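The values are calculated or read from the model by the stated rules, or taken from the named source; none is laboratory data. What you are looking at is a predicted structure, and each value in this text was computed from that prediction instead of being measured. Backbone-built Cβ (ideal geometry, glycine too); neighbour counts: all protein chains shown. Areas reflect the complete protein model, heavy atoms only, side chains present, ligands, DNA and RNA absent. Shrake-Rupley method; radii C 1.70, N 1.55, O 1.52, S 1.80 Å.
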Amino acid sequence: MADLEYRPGLADVPVAESGISFIDGKRARLEYRGIAVETLAQESTFEETAWLLLKGELPNQRDLAVFDHNLRHHRRLKFRIIDLIKCLPESGHPMDALQAGVAASGMFYPGREVSNPEKNWESVVRLIAKLPTIIAAFHRLRQGNLPIEPRDDLSHAANFYYMLFEEEPSPSISRLLDACLILHAEHTMNASTFSGRVTASTLANPYTVVSSAIGTLTGPLHGGANEEVLDMLEEIGSVVKAKSWLEEAVESKKKIMGFGHRVYKVKDPRATVLQDLAENMFVETGKPEIYKLAVEIEKAALPILGPRGIYPNVDFYSGIIYQSLGISRDLFTPIFAIARVAGWLAHWLEQLKNNRIFRPEQIYIGKMDRPYLPLQNRP
Ligand code: ACO
């Protein structure tokens, strides 16, 4: 026991062998099953990327058509799940509603028998298909509106937008959202994926696996950072204050939200793609002040944080895109979950292939061999 080395945050400790995604943090490289994420964001769709992550290969036309058809077919929720969502407080965070909705869904569908590949695939399809509907239903209900039924003639991304706004997105918005989903679909052994794999290793049902991962994604050091970036930019208020605010924040050891990453020591490649997507969108709509401010913060941070390997991560620009589309701030992290469920489920299937229950060690630093004092003798 005395020889064990404690690595806070499990930094640099491998917890699995995985063939799903790869990061080179020094070269800003992220690959899903060997394909660069930039290429997928440009050429692929979320549905196709999800298949790639889950199966390891790009689908052929027929496989993709069947997968897409099945996803569309499983978007609807049981009325009891909608009733459950109705009972949740309107002021609650949609991530908590999503976690509750996913966990409860596991009570309706056969998922306990995780040794059956066909049943597991049904769970995969149901989970990917239903997450957007749960989030949109909660959002509509908290506004006092009836949920909007999903449409099976729309893509995954377009249907989510439609269920939020009761309006079809333009092809460019639909493509933008789709690319955001691709960019967030998988990211090696991060906190939520690890959390899902730990739950998977107990052979728990996939709805529980995904609800564990959703819970872990909520925190501001993980998925929750995209909301905090917007709060931070609003607090700064104007482009002219960017440099002085940043310098003061670094001086007082404040964490800059949307900056820094355990693995990337250069700018997160997803942030670069998202920024390009944002720039393209702003050609049509004009650059919002908040985007100009974000760019100034990045510029001001470069000479101070850059040498320490702290650069914008995926969350720095994603929230600005979603806000420009009129999406509520507290839906940013749920959108992350709509995408990441593909990666979580790929890890679930991979974990099951060669499972051993996670049971790490601890280094005990508490007291030992103490006498038990009867209650009346305690000071
Ligand atoms: N702003 C300022 N300084 C930072 C930042 C930041 N955003 N991130 C790290 N640092 C500094 C720390 O203060 C620390 O400095 P020190 O060595 O002088 O104490 C050093 O860099 C190492 O930081 P850690 O927090 O120990 O790095 P770790 O790898 O554990 O954390 C994390 C990574 C959590 C992402 C961190 O960079 C952070 O808190 N960033 C802000 C929140 C954020 O944007 N999260 C989203 C991450 S991406 C995602 O989950 C999708």
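Placing +1 at every Lys and Arg Cβ and -1 at every Asp and Glu Cβ, with all other atoms neutral, what dipole size does the chain have around its Cα centre, in debye to the nearest 20? Each step should come with its number before you reach the end.
Details: 43 positive and 47 negative charges, 222 e Å.
My answer is approximately 1060 debye.
At a 1.4 Å probe radius, which order do M107, M189, M163 fall into by accessible area, largest first? Present the calculation step by step, with values, prior to reporting the outcome.
Working: M107 165, M189 65, M163 0 Å².
Solvent-accessible surface, decreasing: M107, M189, M163.
If you average the C-alpha positions of the range 254-286 and of the range 1-80 separately, how far apart do those two centres end up, in angstrom?
20
Across bins of 10 angstrom width beginning at 0, how are the C-alpha pair distances of the chain distributed, in whole percent?
5, 23, 31, 24, 12, 4, 1, 0
Can you compute the charge dipole magnitude of the range 221-379 about its Cα centre, using +1 on each Lys and Arg Cβ and -1 on each Asp and Glu Cβ, nothing else charged? Give it in debye, rounded to the nearest 20.
Details: 21 positive and 20 negative charges, 186 e Å.
Using Cβ point charges on Lys, Arg, Asp and Glu, the range 221-379 gives about 900 debye.
What share of Cα pairs, in percent, lie more than 13 angstrom apart in the range 41-86?
Tail of the P(r) past 13 Å holds 63 percent of the pairs.
Specify the inter-centroid distance of the range 301-364 and the range 206-226, based on alpha-carbon positions, in whole Å.
Answer, in whole Å: 8.
I'd like the Karplus ³J(HN,Hα) series for the range 186-197: coefficients 6.51, -1.76, 1.60, θ = phi - 60°, whole numbers in Hz, and an x wherever there's a Gly or Pro.
Values, residue by residue: 6, 7, 6, 8, 7, 4, 6, 5, 4, 4, x, 5 Hz.
What are the ³J(HN,Hα) couplings of the range 82-93, residue after residue, when phi is run through the Karplus curve with 6.51, -1.76, 1.60 and θ = phi - 60°? Round to Hz, x for glycine and proline.
3J(HN,Hα) across the range 82-93, in whole Hz: 5, 4, 4, 5, 4, 7, 7, x, 4, 7, x, 7.
Charges on Cβ only, +1 for Lys and Arg, -1 for Asp and Glu, centred on the Cα centroid of the chain; of Y372, C87, S324, which one is farthest towards the dipole's positive end?
Projecting each Cα onto the dipole axis, the largest value belongs to Y372.
Beyond 22 Å, what share of the Cα-Cα pairs of the range 65-144 remains, rounded to the nearest whole percent? It would help to have the intermediate numbers written out before the result.
On the way: 844 of 3160 pairs.
Above the 22 Å cut-off, the range 65-144 has 27 percent of its Cα pairs.
Rounded to the nearest 10 Å², what accessible area does V266 have for a 1.4 Å probe in the complete protein model?
Taking all protein chains as shown, V266 has close to 40 Å².
When the Cα atoms of the range 297-379 are enclosed in a convex hull and the volume is divided per residue, what value in Å³ results? All intermediate terms of the calculation are to be shown ahead of the outcome.
Numbers: hull volume 27.4 nm³, N = 83.
Measuring per residue, one finds 330 Å³ for the Cα hull of the range 297-379.
Give the accessible area for T202 in Å² (nearest 10); use a 1.4 Å probe, count only protein heavy atoms, and leave out ligands, DNA and RNA.
About 80 Å², rounded to the nearest 10.
Dividing the alpha-carbon Rg of the range 2-82 by 2.2 N^0.38 Å yields what? Could the numbers behind the result be given before it?
Details: Rg = 18.4 Å, N = 81, 2.2 N^0.38 = 11.7 Å.
So the range 2-82 has a normalised radius of gyration of 1.58.
List the aspartates and glutamates whose Cα sits under 20 Å from the Cα of K287, skipping any in the same chain fewer than 8 residues away.
Candidates past the 8-residue exclusion: E227, D231, E234, E235, D276, E279, E296, E298, D315.
Rounded to a whole number, what is D in µm²/s for the range 65-222 from Stokes-Einstein with the Kirkwood radius over alpha-carbon pairs (37 °C, 0.692 mPa s)? Walk me through the numbers on the way to the answer.
Numbers: Rh = 16.3 Å.
Taking Rh from Cα pairs, D becomes 201 µm²/s.
Using only alpha carbon pairs under 8 Å that are at least six residues apart, calculate the relative contact order of the chain and give it in whole percent. Before the final figure, lay out the partial values.
Numbers: 513 pairs, mean separation 85.5, N = 379.
Relative contact order, the chain: 23 percent.
If the viscosity is 1.567 mPa s and the temperature 4 °C, what Stokes-Einstein diffusion coefficient in µm²/s follows for the range 225-324 when Rh is the Kirkwood radius over Cα pairs?
Numbers: Rh = 13.5 Å.
Result for D is 96 µm²/s.
Give a quick list of GluC sites (Glu not before Pro) in the range 1-52 that DSSP marks as loop, anything other than H, G, I, E or B, with at most 15 other Cβ atoms within 10 Å.
Working: sites: E5, E17, E31, E38, E43, E47, E48; in loops: E5, E17.
Of the GluC sites (Glu not before Pro), the ones in loops of the range 1-52 whose Cβ has at most 15 other Cβ atoms within 10 Å are E5, E17.
Across the range 273-278, in residue order, what do the Karplus-derived ³J(HN,Hα) couplings come to in whole Hz, using 6.51 cos²θ - 1.76 cosθ + 1.60 with θ = phi - 60° and x for Gly and Pro?
Working through the residues one at a time gives 5, 4, 5, 4, 4, 4 Hz.
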